[in-house]
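Colleague: Provided herewith is a single structure, encoded as structure tokens, for subsequent inquiry.
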Amino acid sequence: MKSTVKVLAVAAAAATTVLLAGCGGHSNAGTSGDTGSKEIRVYADGDVNVQSVWEKTIIPGFQQANPGYTVKLTFDLHGQNSTTQLSKLGAAVKTNRDFGFDLIDSGIVTSAASSGLLAKPDAAKLPNLSTVSPDLLTPVNGMAIPYRGTSVALAYNTKFVQTPPKTLDDLLAWIKANPGKFTYNSPNSGGSGGAFVTTVVDKYVPADARAKMATTYDQADEKYWDQGLAALKDLGPSVYQHTYPNGNQAVLDLLAKETIWVCPVWVDQSLTAKAQGTLPSTIALTQISNPSFTGSGAYLGVPKNDTRLVAVHKLINYVLTVPVQTEIVDVMSGFPVIDMTKLPGTEQAKFGGMSNKTFRQGYQSNVSNDLNQQWQAKVP
């Protein structure tokens, strides 16, 4: 299946129109109903791996499988214009004008969903949605479609650790029993360290407060962090050299050199490093529980007043096919969102039994910023 998609990519690459870092937006007024247009305008942002999967896999494969349809991609590297695009989307929906894009692949999708700016996907037009866990739709209230996932997991060197910790309590006990063999990056320098910090403090946060902190900002709830921050400070003497590296990659470098044996890592980043040989084959991944590390889905959203819904649903449904989901694993080392048992065995094996059915949501951005500041003030 991988080779089929790649062949399609080569065959139709010349037909792909890509506008780099554009801000598109047509001024014509939106209308009700579907115009029947077979051109789909996509706004996507992120790193080059996101751009690659659109340009080399999704777009050419879709156009080859659906003659007459074209996809026009505007890619915004690192999301430099994403905040502007969210504002434009809000204005377009409010005035019933054309946003200029029919499909959005960006971190702004979750905000757009919570703000009522997206059209509710029509499940009847998305038969492949039935293979996606309903839990992945919860963070966006069913107003957007997940197409890949990412999560922080526990990496460990099987050369030194045969039985890895399975729960957060097990992990904290392991760290103290093996001083100097664990570390995490400062939470403001990368998400893997941020996930570890968030998970430790969440151990002491009531479930209702935790759920609220994932979507809204209320500083009153931050009172529940004191116990977790104290636990992190108490862990300090057992952390490698009582230091916290700057960034996700710095922790992976220590793991690769066998300086440390266990650490939190991004699944996609570590799988990519293993494939490239910068992490040794002795490194394995597992997910802890009670609570697990945080993760999330990447979502596709359709503007609320879009008029190309038939074509857009056709593209979204294509993205949820087994060949495309397999390529997402191969190209991005990302979690698929469809039932993992439908993927080839080699792709399933990469995740070592980890599940893609739920991703424990992180904090709302302002809440997360406050936690980073409190960690800096109370932990090192």
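Nothing in this text is a laboratory measurement; each read-out follows from the coordinates by a stated rule. Fair warning: this is a prediction, and the values are worked out from it, not measured in the lab. Because the Cβ atoms are built from the backbone with ideal geometry, glycine has one as well, and the counts that use them run over all protein chains shown.
Colleague: Place the peptides 304-311, 196-203 in order of packing, highest mean first, counting for every residue the other Cβ atoms within 10 Å and averaging per peptide.
Modeller: Highest mean packing first, the order is 196-203, 304-311.
Colleague: Still on this model: Amide H neighbours of Ile40 under 5 Å, at least 5 residues apart or on other chains, H built in the peptide plane: list them.
Modeller: The answer is Thr70, Val71, Lys72.
Colleague: If you rank Asp221, Asp226 by fewest surrounding Cβ atoms within 10 Å, what's the result?
Modeller: Working: Asp221 19, Asp226 13.
Ascending number of Cβ neighbours within 10 Å: Asp226, Asp221.
Colleague: Now a separate question. Hey, got the Cα dimensions of region 104-159 along the principal axes, in Å, largest first?
Modeller: 50, 25, 17
Colleague: Would you calculate the separation in nanometres between label points at Lys38 and Ala65, each defined as 7 Å from the Cα along the Cα-to-beta-carbon direction?
Modeller: The two pseudo-label positions are separated by 1.7 nm.
Colleague: Does region 104-258 come out rounded, prolate or oblate, given a ≥ b ≥ c as the square roots of the eigenvalues of its C-alpha gyration tensor, rounded meaning a/c under 1.5 and, failing that, prolate meaning a/b above b/c? Mind dumping the intermediate values first?
Modeller: Details: a/c = 2.37, a/b = 1.70, b/c = 1.40.
Judged from the Cα gyration tensor, region 104-258 comes out prolate (a/c at least 1.5, a/b above b/c).
Colleague: Here's another thing I want to ask about it. Taking a ≥ b ≥ c as the square roots of the eigenvalues of the Cα gyration tensor of region 270-315, is the shape rounded (a/c under 1.5), prolate (a/b larger than b/c) or oblate?
Modeller: Details: a/c = 5.15, a/b = 2.12, b/c = 2.42.
Judged from the Cα gyration tensor, region 270-315 comes out oblate (a/c at least 1.5, b/c at or above a/b).
Colleague: Moving to a separate point now. Give the distance, in whole Å, between the Cα centre of region 285-305 and the Cα centre of region 166-208.
Modeller: Cα centroid of region 285-305 versus Cα centroid of region 166-208: 18 Å apart.
Colleague: OK, next. Let me know the Kirkwood hydrodynamic radius for the chain, please, with Cα pairs as the basis and the value in Å to one decimal.
Modeller: Radius from the Kirkwood sum: 21.8 Å.
Colleague: Further, regarding this structure: Taking a ≥ b ≥ c as the square roots of the eigenvalues of the Cα gyration tensor of region 255-379, is the shape rounded (a/c under 1.5), prolate (a/b larger than b/c) or oblate? If you can, show how the numbers build up before the last one.
Modeller: Values: a/c = 2.40, a/b = 1.25, b/c = 1.92.
Because a/c hits 1.5 or more and a/b fails to exceed b/c, region 255-379 counts as oblate.
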